[in-house]
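These notes concern the structure reproduced below.
The values are calculated or read from the model by the stated rules, or taken from the named source; none is laboratory data. Since the structure is predicted, the reported quantities are computational estimates derived from the model, not experimental observations. So basically every Cβ, Gly included, is an ideal-geometry build from the backbone, and we count neighbours across all protein chains shown. Surface accessibility is based on the protein's heavy atoms, side chains included, excluding ligands, DNA and RNA. Shrake-Rupley method; radii C 1.70, N 1.55, O 1.52, S 1.80 Å.
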Amino acid sequence: MSLGPDETICAGELREAMRARLDALTPPAGKNVDSDDVRPNFDALGRAVHRILTVDAETVSAADQDATFWRFLTELRDEVEQLRTFDAGLKTAFAAWDPALPASGATLKAAIAGLAVPTTTPAAPASLKGELR
């Protein structure tokens, strides 16, 4: 479940948690959370919780919390480095090419053919794991 775009979900979760608590009393009193006098209180609490989680909290992720995500980043960085090496090889091959010399074309083709083609881009993780501080 996500937090949603506003406090509605937070207020609803608070309301339902209090309903369960009050329904455990004898006699059950969970229906009181639906009172027009009480609803604004849960809305205010929901707004505060939503704000704490979306504005005030810091979201962090580290390798020990989300190894899949950090492995993906490492693989992505490796691919970027491979692309840089490939780019440098292309630049070197074209810099050495002289279109006025027919044999230079074969040298260019051989240089390009000898370049290591970067591996496949790693698949991104479907979700991230972290914690709120």
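For region 1-62, a/c is not less than 1.5, where a ≥ b ≥ c are the root eigenvalues of the C-alpha gyration tensor, and a/b tops b/c. That puts it in the prolate class. Each stretch of four or more DSSP H residues adds -39500 (n - 2.57); spread over every residue of the chain, this sum gives -18000 deg cm²/dmol at 222 nm. When the charge dipole of the chain is built from unit charges on Cβ atoms (+1 for Lys and Arg, -1 for Asp and Glu) and taken about the Cα centre, the candidate among 3, 107, 45 whose Cα reaches farthest toward its positive end is 107.
Rolling a 1.4 Å probe over the protein heavy atoms leaves residue 25 with an accessible area of roughly 70 Å².
The shape of region 79-133 comes out prolate: with a ≥ b ≥ c from the C-alpha gyration tensor, a/c is at least 1.5 and a/b beats b/c.
When Rg and the Kirkwood Rh are both derived from Cα coordinates, the Rg/Rh ratio for region 21-133 amounts to 1.47.
Hydrodynamic analysis of region 52-112 uses the Kirkwood radius over alpha carbon pairs. Inserted into Stokes-Einstein at 10 °C and 1.306 mPa s, it gives a translational diffusion coefficient of 103 µm²/s.
Carbon and sulfur together cover what percent of the accessible area of region 1-86 at a 1.4 Å probe radius?
Numbers: 3520 of 6080 Å².
In region 1-86, the share of accessible area belonging to carbon and sulfur is 58 percent.
Within the shell defined by Cβ-Cβ distances under 14 Å, the residues around residue 21 carry a net charge of 0, with Lys and Arg each +1 and Asp and Glu each -1.
GluC sites (Glu not before Pro) within region 1-77: which are DSSP loop residues with at most 11 other Cβ atoms inside 10 Å?
Working: sites: 7, 13, 16, 58, 75; in loops: 7, 58.
In loop regions of region 1-77 (DSSP not H, G, I, E or B), the sparsely surrounded GluC sites (Glu not before Pro) are 58.
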